[in-house]
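The values are calculated or read from the model by the stated rules, or taken from the named source; none is laboratory data. A quick note: this is a predicted structure, and the numbers were derived from the prediction, not measured. Every residue, glycine as well, gets a Cβ built from its backbone with ideal geometry; the counts of neighbours run over all protein chains shown. Heavy atoms of the whole protein, side chains included, go into the accessibility calculation; ligands, DNA and RNA do not. Shrake-Rupley method; radii C 1.70, N 1.55, O 1.52, S 1.80 Å.
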Amino acid sequence: MPVLADILAQGQRVVGHRPWPRYQVTPEAWNQAASAIAAGRASLFGLWGDTGAAPMVNMAIIEESSGDIAVASLACPMRKFPSVGALHPPAIRLERAIHSLCGLEPVGAPDTRPWLDFGFWNVKHPLGECAPVAAAPGAYAFLPAEGAALHQIPVGPVHAGTIEPGHFRFTASGETVVRLEERLGYVHKGIESLMAGATIERAAQLAARASGDSTVAYGIAFAHAVEAALGIEAPARARYVRALMAELERLANHLGDIGAICNDAAFALMQAHCAVLREEVLRAAARSFGHRLMMDRVVPGGVAADLHADGPNVIRALLQDIRLRFPRLVELYDNTASLQDRTAAAGVVSVDLVRRFAASGYIGRASGRGFDARKTPGYAPYDRLDFTVPVLTEGDVDARIWIRVREVEQSLQLIEQILATLPGGPVATALEGGDGEGLGLAEGFRGDVLAWVRLDGLSVVRCHLRDPSWFQWPLLESAVEGNIVADFPLCNKSFNCSYSGHDL
Amino acid sequence: MRRTLFESLTRRPLTETPPTADNAALAELAASLDRAARQRLGRSLAIREVDAGSCNGCELEIHALNNAFYDLERFGLRFVASPRHADVLLVTGPVTRNMREALERTFNATPEPKWVVAVGRCAADGGVFAGSYAVVGGVDAVIPADLHIAGCPPTPLQLLQGLLALLAPRRDRVAPQP
Ligand code: SF4
């Protein structure tokens, strides 16, 4: 990592952190690293607190050109650390969460309101000293917007559709949104605290339920982290089977999303057909792996069970069916001017903003950021598979649909390659306890999922999961600005950020 | 578009034969609901879904009920946007402390008579999230549930079998054969 190497080399490398290094750094080096990120020389990849014997904050950094990753750790004996958000706004919500969960205070932070903690938990800093307090919910101070004809529209947490809960505070001038502020945390379940002290097996089940639509991706990221910490690798066949499940998950979600976005633009026909294709993917998954969403199929060390004997045939038939029907739907989308009228130029996210937030998945790729963890830093078996990552620069709802369309096509041919080259052999290795630390990545349909663990024998001391939504939710606020209120559902659906994965 | 539309005229419908209502669900409902409420609710039910803290897995399968294979609306069951229009609250997830008040308020906004259906293992007792500082527990810890549908997440078929129990007294008149 040439850019950050000098900064981090001032620190002390921590023994037993794999596969990428972790350095214990000084406050000066911490600030230098934050400045380098703010200057765009590297990207913020994660930021989390750790309150074991010695409280500290960890900052994961990635240099996108080389794929080099490192973690900088700063000890916080006084339970304070210099704010990264003061220099680099994408860190603000992460720091607010660190303060609320761990009780570590970002000094100089531009926004000191709590995040995730609404005052209902009966404890303070649940990942830190976990002191009992009386429940004391207070009013949340939404950011002000001033002007003569402005009015506010509060929406949520319970929304009109069958979707997850969150609160959106719109300030509108007539029909035009001048400010959207999100308040998230309604589905915070305390997953990281449930993981602390849990067996690897139970922690894997919790990771698989961080965000149900990405259960395979979370399973893989968590397994990668545990395997790295233990210094083991899953057998080759397991990695192929995981990739097969990951691509089926991507297919199902993208197909569902393409239909649902068009439905929010009042074009129900597309939804009806895409929902049928999605259902067929889930049925093929159930027949091949025994569960429609493939939950708990990925386990640290490999996969819980091998692909069912007639799985390859079931999946090949599925591919054939989608290949027959999907192009017609794409054509339908492409040729329906009334639909494009809603999606083109709606909810634009600038290339610059996406780069600063290092937003991944279709949101990043629709705005010029082609990052994909399957390529950079890459993991097996994708290093042996041939695929391209689509990139557009328009950054509107239309572009986010087209990225999904292209990714459906890529996943179809990835699945074909996986089936053709699926190696034989065992599908799992037994875990032997260890006490290392590991960082794992997986590319879910929504973007890159990061998992970090510290192990003690066969149990988890601390695990942190970072959903791609952390770097996408803030961009939605920007995307809807200047759009009409009625277009919000459309913009929101084109983002399809995770509430549960974010709230944990 | 024309081609796609015409084709649907000639293709066999995808919609599947309705399953019979789940026996366990029938028994649970028989114990919890009086006949009068059932008769007032009649044969068409409006459902309001509430995610009280789920991982979103349950929502995905609830969504699937609307696809052409399950086609929930043929049974007279449909999703509505407001609890004020609802007869049934379909609640998922362990109830988080941060969602507790919203769930209570949604319940209070739903007119009587109403039924509460707890969907998924989490909604039964908190599931894998039970015991967390951020979780109250299952749905019953906050509002009384009349019916529980098991599964993590329940498959659309399991959901359908559970929901059909709500219509059971008149099921033979309600469920048309495709
Ligand atoms: S029952 Fe399973 S799928 Fe449903 S919310 Fe709980 S963990 Fe998610």
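A:Phe142: touching a Pro at 6+ places or on another chain (Cβ under 8 Å) and either of a type in the set (S, T, N, Q) or closer than 24 Å to A:Phe170 by Cβ (or both), yes or no? In short, no.
Determine whether A:Pro114 is at negative phi, free of Cβ contacts under 8 Å to residues at least 12 places away in the same chain and open to solvent by 40 Å² or more (accessible area, probe 1.4 Å).
Here the answer is no, as A:Pro114 does not meet what is asked.
When each of A:Arg404, A:Arg400, A:Arg446 is tested for being at pLDDT 95 or above, assigned to a loop (DSSP other than H, G, I, E, B) and crowded, with 24+ Cβ neighbours inside 10 Å, the lone residue that passes is A:Arg446.
Please determine, by comparing only the residues of segment A:378-397 that are in a helix (DSSP H, G or I) and not aliphatic (A, V, I, L, M), which one is least open to solvent (accessible area, probe 1.4 Å).
A:Tyr382
State whether one or more residues within segment A:129-141 are outside the structural domain of A:Asp213 (by TED's automatic domain parsing), under 23 Å from the mean Cα position of the chain (by Cα) and open to solvent by 20 Å² or more (accessible area, probe 1.4 Å). Checked against the condition, which is being outside the structural domain of A:Asp213 (by TED's automatic domain parsing), under 23 Å from the mean Cα position of the chain (by Cα) and open to solvent by 20 Å² or more (accessible area, probe 1.4 Å), segment A:129-141 yields no hits at all.
Scanning segment A:1-23 for residues that are touching a Leu at 6+ places or on another chain (Cβ under 8 Å) and open to solvent by 30 Å² or more (accessible area, probe 1.4 Å) yields A:Met1, A:Arg18, A:Pro19, A:Trp20, A:Tyr23. The set of residues in segment A:186-226 that are in contact with a Pro (Cβ under 8 Å, 6 or more places away or on another chain) and open to solvent by less than 10 Å² (accessible area, probe 1.4 Å) comprises A:Val187, A:Lys189, A:Gly190, A:Ile200, A:Gly212, A:Phe222, A:Ala223, A:Val226. Being within 11 Å of the ligand (Cβ to nearest atom) and under 25 Å from A:Leu184 (Cβ atoms) is a condition met by at least one residue of segment B:151-159.
Matching residues to (1) within 25 Å of A:Val460 (Cβ to Cβ); (2) part of a strand (DSSP E or B); (3) open to solvent by less than 10 Å² (accessible area, probe 1.4 Å); (4) without any contact (Cβ under 8 Å) to a residue 60 or more places away in the chain:
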residue	(1), (2), (3), (4)
A:Asp50	yes, yes, yes, no
A:Met56	yes, yes, no, yes
A:Met59	yes, yes, yes, yes
A:Ser65	no, no, no, yes
A:Ala70	yes, yes, yes, no
A:Arg93	yes, no, no, no
A:Arg96	yes, no, no, yes
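Might you let me know whether segment B:79-89 holds any residue that is in contact with a strand residue (DSSP E or B) (Cβ under 6 Å, 6 or more places away or on another chain), farther than 24 Å from A:His273 by Cβ, β-branched (Val, Ile, Thr) and within 16 Å of the ligand (Cβ to nearest atom)? Looking for residues that are in contact with a strand residue (DSSP E or B) (Cβ under 6 Å, 6 or more places away or on another chain), farther than 24 Å from A:His273 by Cβ, β-branched (Val, Ile, Thr) and within 16 Å of the ligand (Cβ to nearest atom), one finds none in segment B:79-89, hence no. For segment B:95-151, a tally of residues being more than 11 Å from chain A (Cβ to nearest Cβ), among the small types (Gly, Ala, Ser) and either under 17 Å from the mean Cα position of the chain (by Cα) or crowded, with 22+ Cβ neighbours inside 10 Å (or both) returns 6. Residues that are under 17 Å from A:Asp398 (Cα atoms) and open to solvent by 10 Å² or more (accessible area, probe 1.4 Å) number at least 2 in the following helices (runs of 4 or more DSSP H) confined to segment A:317-367: A:337-343.
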